[in-house]
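**Student:** Next up is a structure, given as structure tokens.
Values in this text are rule-based calculations from the coordinates and carry no lab data. None of these values were measured; they are calculated from a predicted model. Cβ atoms come from the backbone with ideal geometry, glycine included; neighbour counts cover every protein chain shown.
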Amino acid sequence: MTEPILVSTGVIVPARAIQMKAVRSGGPGGQNVNKVASKVELRIDVDQIEGLDEGTRHRLRTAVRHQLDADGCWIVVSSLTRDQLANLEDARLKVMRSIEKALHVPKHRTPTRPTRASQTRRVEGKRHAAKVRQGRKRGEWD
């Protein structure tokens, strides 16, 4: 069993919500790759994370939607190094960063329209550029 992940004050991923699994890592690495299980997979039940309101939980699910399995568990994988403990810490750090990012409530943006003056400046700029291009054409020689 792995230890709980303390994200911030009041937000914690309890140990019961985390399942850790070590598997063999792919890619280059010679003989070591075939015998050492250094890649770490964390399965986290998003519904059991304590201290998240529904908005934050929804933002988190949306952010990691491609990492959710059929049961709704969040799968975090790390094979950054050849050391299992370092990969475990990296996976836990990924979890913390994602949850911290979901805790941030984005500002509501009210759509605005360009002012009439800015529209006029844009059109005048286009006209000026067109005149410059017109001046580059070959002229009639007398």
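**Student:** What are the ³J(HN,Hα) values, in whole Hz, obtained from phi via the Karplus relation 6.51 cos²θ - 1.76 cosθ + 1.60 with θ = phi - 60°, for each residue of segment 121-130 in sequence order, with x given for Gly and Pro?
**Tutor:** Using θ = phi - 60°, the values come out as 4, 5, 5, 4, x, 5, 5, 4, 5, 5 Hz.
**Student:** Can you give the net charge of the other residues whose Cβ lies under 15 Å from the Cβ of residue 17, counting K and R as +1 and D and E as -1? Walk me through the numbers before you get to the answer.
**Tutor:** Numbers: positive: 16, 21, 43, 57, 61, 92; negative: 3, 41, 45, 47, 50, 69, 71.
Around residue 17, the surrounding residues sum to -1.
**Student:** Once both axes come from the Cα atoms, what is the angle between helix 54-63 and the longest principal axis of the chain, in degrees from 0 to 90, rounded to 10?
**Tutor:** It works out to around 80 degrees.
**Student:** Fewest first, what order do 58, 66 take by the number of other Cβ atoms within 10 Å? All intermediate terms of the calculation are to be shown ahead of the outcome.
**Tutor:** Values: 58 12, 66 6.
In order of increasing Cβ crowding within 10 Å: 66, 58.
**Student:** Report the relative contact order of the chain, percent, no decimals, based on alpha-carbon pairs under 8 angstrom and at least 6 residues apart. If you can, show how the numbers build up before the last one.
**Tutor:** Values: 168 pairs, mean separation 28.5, N = 142.
Across the chain, relative contact order equals 20 percent.
**Student:** Before rounding to the nearest 500, sum -39500 (n - 2.57) across all DSSP H runs of length at least 4 in the chain and divide by the residue total; then give [θ] at 222 nm in deg cm²/dmol. Could the numbers behind the result be given before it?
**Tutor:** Working: 4 runs with 55 residues, N = 142.
Mean residue ellipticity at 222 nm (helix-derived): -12500 deg cm²/dmol.
**Student:** Using R₀ = 35 Å, calculate the FRET efficiency as 1/(1 + (r/R₀)^6) where r is the Cβ-Cβ separation of residue 37 and residue 105; round to 0.05.
**Tutor:** Details: r = 39 Å, r/R0 = 1.12.
Taking R0 as 35 Å, the efficiency between residue 37 and residue 105 is 0.35.
**Student:** Check the straight Cα-Cα distances from residue 35 and name the lysines below 16 Å, setting aside those fewer than 8 residues away within the same chain.
**Tutor:** 21
**Student:** Using θ = phi - 60° and the Karplus form 6.51 cos²θ - 1.76 cosθ + 1.60, what ³J(HN,Hα) does each residue of segment 104-117 get, whole Hz, x for Gly and Pro?
**Tutor:** Result, ordered by residue: 6, 7, x, 5, 6, 9, 8, x, 10, 10, x, 6, 5, 5 Hz.
**Student:** Could you tell me what % of all Cα pairs in segment 31-142 have separations over 17 Å? Don't jump to the answer; show the numbers that get you there.
**Tutor:** Numbers: 4441 of 6216 pairs.
Of all Cα-Cα distances in segment 31-142, 71 percent exceed 17 Å.
**Student:** Report, ordered by chain and residue number, the lysines lying within cross-link reach of residue 126, taken as a straight Cα distance under 29 Å and ignoring same-chain residues fewer than 8 apart.
**Tutor:** 137
**Student:** With θ taken as phi - 60° and the coefficients 6.51, -1.76 and 1.60, list the Karplus ³J(HN,Hα) couplings across segment 89-101 in order, rounded to whole Hz; mark glycine and proline as x.
**Tutor:** Couplings: 5, 5, 5, 5, 5, 4, 4, 4, 4, 5, 5, 4, 5 Hz.
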